1. Putting +1 on Lys and Arg Cβ atoms and -1 on Asp and Glu Cβ atoms, find which of A:Leu219, A:Phe199, A:Val102 reaches farthest to the positive end of the dipole of chain A.
2. Taking 7 Å along the Cα-to-C-beta vector as the label spot, tell me the A:Glu115-A:Gln179 distance in nanometres, rounded to one decimal.
3. Among the chymotrypsin sites (Phe, Trp or Tyr not before Pro) in the stretch B:14-78, which ones are in a DSSP loop with at most 11 other Cβ atoms within 10 Å of the Cβ? Mind listing them?
4. With axes computed from alpha carbons, what is the tilt in degrees of helix B:114-140 against the longest principal axis of chain B, rounded to the nearest 10 within 0 to 90?
5. Under 5 Å between amide H atoms, partner at least 5 residues away or on a different chain: which partners does A:Tyr18 have, H built in plane at 1.01 Å?
6. For a quick check of your reading of the filter: which GluC sites (Glu not before Pro) in the stretch B:75-161 sit in a DSSP loop and have no more than 16 other Cβ atoms within 10 Å?
7. Roughly speaking, to the nearest percent, how much of the stretch A:1-145's 1.4 Å accessible area is carbon and sulfur?
8. Under 14 Å from the Cβ of B:Pro51, count the other residues' Cβ atoms, weight Lys and Arg +1, Asp and Glu -1, and hand me the total.
Amino acid sequence: MSMINYASREINCKIVYYGPGLGGKTTNLEHVYGKVSPDTRGKLISLATETERTLFFDFLPVDLGTIRGFKTRFHLYTVPGQVYYNASRKLILKGVDGIVFVADSQIERMEANQEAMQNLYDNMSEYGYDLTRMPFVIQYNKRDLPNAAPIRDLQAALNPGWEVGDPSRMRNAPDPYHQGEQLVEQLTSGEWVERAPYFDAVAVNGDGVFDTLKAVSKLVLKSLA
Amino acid sequence: MPVGAASWSFTEDDFGAITKSLERFLFDSNARCALLVDRAGQLVATVGEKPKFDPTAFATLTAADFSANDQLAKLIGENDFNSLFHQGEKESMYLADIARRVILVVLFDNRTTLGLVRLKMKQTVDELSKLFEAVFKRAAGAGAPPNILAGADDEIDKLFQ
């Protein structure tokens, strides 16, 4: 639920980092916190357990610049990774404007990724939000690990594409982030599908963290334009 | 099915009316400060003594607090708790729902009493509920302020270069 405040000339948007436990959602926020100038960000709030697992959420507000005289403020949230915190996970999705799904690339975490993705779809639809029509990007994290699954396998499992129903959208849309790939394309079966933009990342080093954040923020602002 | 969460905006006139109503409430109740926070955790307005804490973080935690309590209410068979009270040794806070979209948070100390704050808050909640219902109705229909981002695609692209 983006909010435009004409009195303070601010546009406020909410972005949620979703994904399986220990996938790197909090690490993404920590990296943004460390890199962004203190004048343009607020405090990083963490409601975590003693073992540093996110209990309720992590929160970081950042300003990403000015458009038409309005400051763009993004509120970044992470959800708890573990499924038994689903009640609090769902609460964080309330009023969300854009989603980043942080997948753990390790082969052993494939099932956990799929479970979290299904859970995201379920929780969103309970609020009446349609994930396929919202600003949504996927980040494949931990690309540096030797047991990381190939991108192609991760894409097939987590981002196989959803059917495009609107005839006006049935045309190839090149992926601006990966040369030679399409975000909207026609399968050999004749069906048109659309996929979410994806990014490779090693969040502990910061690789791909800002690419992901910029992509989702841009989609959110464009959805308001 | 709607695409996602609805967007809403409020004008300087709305802001003026909100501030006026809250200033009167603070004067009548002798409370220190009032904050308005939307259910998604964004700070809408602050009136009264300037808070010494980080208001953005405060707003987020308030929305989370309210949402968590909503769920607790459902578990015990209530629809929601439309107000919450947190008591401290010196500082206390009282939270009330406005039109199911915004939360009013009042901070007060021992210069006033919970009873007086509650009593005076009722009228303010009614006033603000009417005001916000009009704001949200406008956001859903005609009469909304012109979309300031319309046609700003180039500027958005430039921001992220």
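The values are calculated or read from the model by the stated rules, or taken from the named source; none is laboratory data. If you're wondering where the values come from, they're calculated on a predicted model, not measured in any experiment. So basically every Cβ, Gly included, is an ideal-geometry build from the backbone, and we count neighbours across all protein chains shown. We work out accessible area using only protein heavy atoms, side chains counted, and drop any ligands, DNA or RNA first. Shrake-Rupley method; radii C 1.70, N 1.55, O 1.52, S 1.80 Å.
1. Positive-most Cα among the choices belongs to A:Leu219.
2. Using points 7 Å along Cα→Cβ, the separation is 4.0 nm.
3. The qualifying sites are B:Phe53.
4. Around 10 degrees separate the two axes.
5. Under 5 Å from the amide H of A:Tyr18 lie the amide H atoms of A:Val100, A:Phe101, A:Val102, each far enough along the sequence or on another chain.
6. Working: sites: B:Glu78, B:Glu89, B:Glu91, B:Glu127, B:Glu133, B:Glu155; in loops: B:Glu78, B:Glu89, B:Glu91.
Those that pass, being in a loop and sparsely packed, are B:Glu78, B:Glu89, B:Glu91.
7. On the way: 2640 of 5380 Å².
Carbon with sulfur: 49 percent of the solvent-accessible area.
8. So the surrounding residues net to 0.
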